[in-house]
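Structure first, commentary second.
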Amino acid sequence: MPVLDLEQLKNITMDDADLMREILESLISDTSRQLLALERALGDANVKETLRLAHYSKGACASVGATSTARILQQIEQQAAAGDLLSCGASLESLQQEFQRLQAEAANLT
C-alpha cells in the first residue's frame, strides 16, 4: 500500500501543486499533534480518548490520500473500541514509523 495516494491528492486539489503542499503541511502539522495526544491517551489508559483521536486522525489522513497511515489509525480505532490498549501501543509504534515515511514523501513533493 502506498504511503501517499498522489492521484487522490491531485483530485482534491485539482492538481494545484501549491495547494497540495499546503494541505500536506497542514496534515503533517495536525497529525503530529494528534499523535502526541494519542500517545498520552494510551499512557493514561484512556480508551475513549484513544478512540476519538484515532478516528479523527484516520479521517483526516484518508481524505487527502495518506492511505497507509489511515489504515493503521483504523486498526488503532478498532483495537481501542475492543478495549485492547496493549495492541494499540504496538500499532502506535507502526503508526509512528509510517508517519515518518509520510513526512519524507511529503518533503519530496515540496
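Computed from the coordinates by the stated procedures, all read-outs in this text should not be read as laboratory data. Not measured: the values here are computed from a predicted model. Cβ: placed from backbone, ideal geometry, glycine included. Neighbour counts: every protein chain shown.
Here are some notes:
- Across the chain, the relative contact order, built from alpha-carbon pairs under 8 Å that are at least six residues apart, equals 33 percent.
- Against the chain, whose longest principal axis is taken from its Cα atoms, helix 17-43 shows a tilt of about 10°.
- Among (1) 1.00; (2) 0.96; (3) 0.93, the entry that matches Rg/Rh (Cα atoms, Kirkwood Rh) as calculated here: (1)
- Of the residues Asn11, Val64, Ser94, the one whose Cα sits farthest towards the positive end of the charge dipole of region 6-109 is Ser94 (charges of +1 on Lys and Arg Cβ, -1 on Asp and Glu Cβ, taken about the Cα centre).
- Size of charge dipole - the chain - debye, nearest 20, with Cβ of Lys, Arg +1 and Asp, Glu -1, no other charges: 280 debye
- Nearest-ten-degree value, helix 47-64 long axis tilted from longest Cα axis of the chain: 10 degrees
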